[in-house]
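To start, the structure itself, in structure tokens.
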Amino acid sequence: MLKPWEKPVKDREELRPIISTMGLQGHICWFLGLTFAILGIIAGAMNTALVLEPTHWLLLAIVVFVAGMPAWLTWAWARHLLGIEPKKEG
């Protein structure tokens, strides 16, 4: 996993891989969480267990959403730094 907090960022080109990698990780967690939440809602509406109980699907969705937060925060940090750097130069 890319860890941008381990060393300082020197130029704009170092931020581009951070943005794409963390954005991809954030999207994967978001889509998995959404899928698990939908499975939990469907299982609860059908009053049956789809491999897991409905509560377990919803708890799994919450865990995946929370696990995706560091990726989104790192993505937002990198986008912020990418956006404010030109203001310093000009």
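The values are calculated or read from the model by the stated rules, or taken from the named source; none is laboratory data. All values derive from a computational prediction rather than experimental measurement. Cβ atoms come from the backbone with ideal geometry, glycine included; neighbour counts cover every protein chain shown.
Here are some notes:
- Filter result (loosely packed, with under 14 Cβ neighbours inside 10 Å and either within 15 Å of residue 54 (Cβ to Cβ) or touching a strand residue (DSSP E or B) at 6+ places or on another chain (Cβ under 8 Å) (or both)) within the stretch 11-40: 38
- Screening residue 2 on (1) in contact with a Pro (Cβ under 8 Å, 6 or more places away or on another chain); (2) modelled with pLDDT of 90 or more shows it passes everything except condition (2).
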